[in-house]
RNA sequence: GCGGCAUUGGCGUAAUUGGUAGCCGCGCCAGACUUAGGAUCUGGUGACGCAAGUCGUGUAGGUUCGAGUCCUAUAUGCCGCACCA
């Protein structure tokens, strides 16, 4: 009978739906296991064949865990807020809600065809008010919290208020943007607004004038991880720096905990390194330098305290607050010109053009150790956002300072013995100190420690740890996002009452930003907050006494994705983000699968968000994702034809790829992308090409063998000749005609084949190109298996058959537990081949269970042919019996992986002959050898390691 | 510049972790069945050699009885961070 995958797959998918087979309960005696995929953003283009890779892997693992007796949570949802939907709305006038809904429907349709075991009852969508209610709720909690350095946890802001009432800022443990100083009396005398301004300095979600990445093309600000090389990650538009009043999240407060937490979780080293890098902890010292001729000091940060004796000048960032204090009258004009020039440079210019620039301020600082006066410069190579925005320059041992010193002809004092600084600086932290007073003769490492002690004793500085991690900018000047549950009274933000959440996204007349430069929510007619009525009312009613303006920005994409894994635990709860009992049961995500592109975005924010929720007692685990695997990207594999563009070219002639280097064609061909769907194994389907696009209707070819149909009026007859296409690995994209759609694959080969083939392509974590050639191989395997299962009989299996089965059990179990899914498919093929004559129930039933995670539809079918009435999903994972392997080895010794390995002890210096004799006499030997003579015995100093038969 | 990962037949890859390198698949070659095949089945397929055999995991060294696997350099490619003091 033919393998009718379409019928089988549809029938089973329907039955799974009807029986709610994948519905998961929060009450179970079974141990829990939580497998999560990073939920997709439903774009208009639909899924391509690369998207399901991770989903298939997680589905295999989920199904395996279920077969092993776990209660497995494996949900799916949609990250539905975001820029593309809104930009589409601006272009077409369609409401993003409608397009998003349409895209989600399409995604679900595509996903369901592949046969995933999601519990769709738990689906979440970030744009659903019942979902974003809790995003807004967490935001309010962040607003009402501060970070306590002493207890290392987030605390309620009311505790801080109580402290201020009693003690002012004395012995304050709260972490703030700036260090403030006031007494209890001063606090109590402050107005409501003044107090609110002070508290803003400590809140975990706070409003501040921040230097932001402003993207004019997108009309919004972007977070650091959304910008790369001065361009927006989405769309690649230029980004400029601007100071704007924005919501921020005090992620930096959690820098150390985010770093420490990495040691407790099972992520790859690569990903942990990326996060460590992003957090960027560096230990150093803050030092005070006196401004010459005054009693004013300013503070710098350095990791090379040992090099103070080599400081020959100072540099301030252009934005540094010290600048105005330091610049002298005669240098003011020059400095202002420079500052102006710097301000008008875009981020991109600054990155691409790194020539040395700077200006002298006219002032001098005093080196605290040499007591010498050193000039103070301003230069944009010093960043205002890191450390204190001021540095001490050590040109001999820092390449940037070196370049600056050379340019301005400043002295360079080497501090390390043997370091040649005539051509370049010596940046390595190694060697013996010289020219450094009491540090002379010390190793660099010891010198750093000694200097830190020294500056602490002398009171000229202190040990300090700095982090590169900045606070996250949390405002977006866009429509399609979560509204802030915030209104403004007297210029200060206030939270709308918790019981009024969610604050629903209003209708607007236009999604574009308003002409006044306000975000699109400025177009909403009904967008004001009535304190008395506790509800949203018409904007025209704003009087700033009882009715107040609401916040016009929306939250960024990462807001909704930061806690979605918690919502799956308890998706319909209207009383809490997640109930205590649900959270206690599911705890944290055991296995998280997704792309590594989220390493410094979502995966940092989510950990921050979770740690905060842990601090305030909402969740019981400090880390959200116990184990994380990054699946590789699937790239496209494009095909090309080569149009002849030499003299006498008609623009109609295409040269076979193998000929394009020939002298007559070399340099005279132009590669043109051709649809990969009309190419097989790099051979072009001539007829399909001619009808692909009108311009190729009369295409003529020089074929692989050099023959041509240029002069052949009946070129249609030449289709038995081969035209070879070139190929390249590129991003999968419509414009390159290399997009392969999973629906097409399911249509042609079935979901089971697609699932197997995606795993077969290579290791999960590796990036690899999609190449449809080769899918036939795994499809053939399923067809053969299908035919083998036509008439299943109840006979006792032979030892050989049991051996094949148990070999497979061992292999597949090991593979899944080690996420080595690609190596299971060869094992299945070998086993099928070995068992091709076998149609016994006792073999095929466990075989079906082993196959079920990979190819669930055909596995169900085989399982039922074996007489089972329940789903294969509720079967038990086959038990491995090594005895079958050993027992069969006695009968078929040579067949056990072709290799037998065991160890026996023999005295040292035993000759090879004696060893061989010892092997033959060893009690284990007969079992393996069965009378045969070993072909080769490998002896290792007193031990036998290998016996080859 | 710093950090991470990779490099094995014509191609994707495997080698359970230091033990016969190349499993499985694609492609290719040969054969079978076909009126026919972009169908199916069987066999072969790292290189050199008629052969026995020799050589082979980017390159060069090292550790080891034994290295694709460990160490040290080096080259190439990919990824992340980057004027972070």
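Step by step: first the residues of segment A:749-768, then only those that are outside any helix (DSSP H, G or I) and more than 7 Å from RNA strand B (Cβ to nearest atom), then the one that is nearest to residue A:861 (Cα to Cα). Which residue is that?
Step one: of segment A:749-768, the residues outside any helix (DSSP H, G or I) are A:750, A:761-768.
When the remaining residues are screened for being more than 7 Å from RNA strand B (Cβ to nearest atom), the result is A:750, A:764-765.
On the way: A:750: 14, A:764: 27, A:765: 31 Å.
For segment A:749-768, the residue satisfying everything is A:750.
Yes/no per residue for (1) farther than 22 Å from residue A:79 by Cα; (2) modelled with pLDDT of 95 or more; (3) part of a loop (DSSP other than H, G, I, E, B):
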position	(1), (2), (3)
A:504	no, yes, yes
A:509	yes, no, yes
A:513	yes, no, yes
A:518	yes, no, yes
A:529	yes, yes, no
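Please work out which residue is farthest from residue A:487 (Cα to Cα), limiting yourself to segment A:522-541 and to residues that are touching a strand residue (DSSP E or B) at 6+ places or on another chain (Cβ under 6 Å) and surrounded by 19 or more Cβ atoms within 10 Å (Cβ to Cβ). Per the stated criteria, the residue is A:527. Checking each residue in segment A:102-137 for being in contact with a strand residue (DSSP E or B) (Cβ under 9 Å, 6 or more places away or on another chain) and under 29 Å from residue A:155 (Cβ atoms) picks out A:126, A:131, A:132, A:136. Looking at this structure, is residue A:760 within 30 Å of residue A:641 (Cβ to Cβ), modelled with pLDDT under 90 and buried (at least 16 other Cβ atoms within 10 Å of the Cβ)? No.
Given the options A:622, A:682, A:675, name the one that is touching a residue at least 40 places away in the same chain (Cβ under 8 Å), surrounded by fewer than 23 Cβ atoms within 10 Å (Cβ to Cβ), touching a helix residue (DSSP H, G or I) at 6+ places or on another chain (Cβ under 7 Å) and farther than 30 Å from residue A:266 by Cβ.
Values: A:622 fails: farther than 30 Å from residue A:266 by Cβ; A:682 fails: touching a helix residue (DSSP H, G or I) at 6+ places or on another chain (Cβ under 7 Å).
Step by step, each of A:622, A:682, A:675 is checked, and only A:675 is touching a residue at least 40 places away in the same chain (Cβ under 8 Å), surrounded by fewer than 23 Cβ atoms within 10 Å (Cβ to Cβ), touching a helix residue (DSSP H, G or I) at 6+ places or on another chain (Cβ under 7 Å) and farther than 30 Å from residue A:266 by Cβ.
Taking strands (runs of 3 or more DSSP E) as the structural unit, those lying wholly within segment A:294-396 and holding at least 2 residues that are near RNA strand B (Cβ under 8 Å from one of its atoms) correspond to A:297-302, A:390-393.
Within segment A:52-75, track down each residue that is part of a loop (DSSP other than H, G, I, E, B), touching a strand residue (DSSP E or B) at 6+ places or on another chain (Cβ under 8 Å) and surrounded by fewer than 24 Cβ atoms within 10 Å (Cβ to Cβ).
Looking only at segment A:52-75, we keep the residues that are part of a loop (DSSP other than H, G, I, E, B), and these are A:68-70, A:74-75.
Remaining after also requiring touching a strand residue (DSSP E or B) at 6+ places or on another chain (Cβ under 8 Å): A:70, A:74-75.
A:70 - this is the single residue of segment A:52-75 that is part of a loop (DSSP other than H, G, I, E, B), touching a strand residue (DSSP E or B) at 6+ places or on another chain (Cβ under 8 Å) and surrounded by fewer than 24 Cβ atoms within 10 Å (Cβ to Cβ).
Check segment A:790-807 and report whether any residue there is more than 19 Å from residue A:749 (Cα to Cα), at pLDDT below 95 and within 11 Å of RNA strand B (Cβ to nearest atom). Scanning segment A:790-807 turns up at least one residue that is more than 19 Å from residue A:749 (Cα to Cα), at pLDDT below 95 and within 11 Å of RNA strand B (Cβ to nearest atom). Listed by position, the strands (runs of 3 or more DSSP E) contained in segment A:572-665 that have at least 3 residues being within 16 Å of RNA strand B (Cβ to nearest atom) are A:625-630, A:634-644. Is it the case that residue A:399 is at pLDDT below 90, closer than 30 Å to residue A:252 by Cα and either within 16 Å of RNA strand B (Cβ to nearest atom) or touching a strand residue (DSSP E or B) at 6+ places or on another chain (Cβ under 7 Å) (or both)? When the stated conditions are applied, residue A:399 passes them. Residue A:421 fulfils the conditions (1) farther than 30 Å from residue A:325 by Cα; (2) in contact with a helix residue (DSSP H, G or I) (Cβ under 7 Å, 6 or more places away or on another chain); (3) assigned to a strand (DSSP E or B) except for a single criterion, (3). The numbered conditions (1) surrounded by 13 or more Cβ atoms within 10 Å (Cβ to Cβ); (2) without any contact (Cβ under 8 Å) to a residue 12 or more places away in the chain are all true for residue A:545 except (1).
Apart from one condition, residue A:838 fits all of (1) out of contact with any helix residue (DSSP H, G or I) (no Cβ under 7 Å at 6 or more places or on another chain); (2) more than 7 Å from RNA strand B (Cβ to nearest atom); (3) not in a helix (DSSP H, G or I); the exception is (1). Of all the criteria given as (1) touching a helix residue (DSSP H, G or I) at 6+ places or on another chain (Cβ under 9 Å); (2) within 17 Å of residue A:856 (Cβ to Cβ), the one not satisfied by residue A:97 is (2).
Scanning segment A:387-405 for residues that are crowded, with 22+ Cβ neighbours inside 10 Å and without any contact (Cβ under 8 Å) to a residue 24 or more places away in the chain returns a single hit, A:402. Every listed requirement among (1) at pLDDT 90 or above; (2) within 16 Å of RNA strand B (Cβ to nearest atom); (3) in a loop (DSSP other than H, G, I, E, B) is met by residue A:411 save one, (2). The selection criterion, being buried (at least 20 other Cβ atoms within 10 Å of the Cβ), modelled with pLDDT of 95 or more and in contact with a strand residue (DSSP E or B) (Cβ under 9 Å, 6 or more places away or on another chain), holds for residue A:142. Every condition in (1) buried (at least 20 other Cβ atoms within 10 Å of the Cβ); (2) on the phi > 0 side of the Ramachandran plot is met by residue A:558 except one, and the failing one is (2). Restricting attention to segment A:426-449 and to residues that are under 27 Å from residue A:279 (Cα atoms) and touching a helix residue (DSSP H, G or I) at 6+ places or on another chain (Cβ under 7 Å), the residue that is surrounded by the fewest Cβ atoms within 10 Å (Cβ to Cβ) turns out to be A:430.
Quick check: anything in segment A:234-251 within 12 Å of RNA strand B (Cβ to nearest atom) and more than 25 Å from the chain's Cα centre (by Cα)? Yes, the conditions are met somewhere in segment A:234-251. Which of the residues belonging to segment A:25-47 are under 19 Å from the mean Cα position of the chain (by Cα) and within 20 Å of residue A:110 (Cα to Cα)? Listed by number, the residues that qualify are A:36, A:37, A:38, A:39, A:40, A:41, A:42, A:43, A:47.
When you scan segment A:176-197, do you find a residue that is assigned to a strand (DSSP E or B) and more than 26 Å from residue A:496 (Cβ to Cβ), even just one? Walk me through how you get there before you give the answer.
So in segment A:176-197, the residues assigned to a strand (DSSP E or B) come out as none.
The answer is no, given that none of the residues of segment A:176-197 is assigned to a strand (DSSP E or B) and more than 26 Å from residue A:496 (Cβ to Cβ).
Taking the condition of being away from RNA strand B (no atom under 11 Å from the Cβ) and more than 30 Å from residue A:602 (Cα to Cα), how many residues in segment A:263-293 meet it?
Step one: list which residues in segment A:263-293 are away from RNA strand B (no atom under 11 Å from the Cβ), which gives A:263-267, A:288-293.
In the following step, the residues that additionally are more than 30 Å from residue A:602 (Cα to Cα) were identified as A:288-293.
Residues meeting the conditions: 6.
The values are calculated or read from the model by the stated rules, or taken from the named source; none is laboratory data. Owing to the predicted nature of the structure, the values given are computational and were not obtained by experimental measurement. Cβ atoms come from the backbone with ideal geometry, glycine included; neighbour counts cover every protein chain shown.
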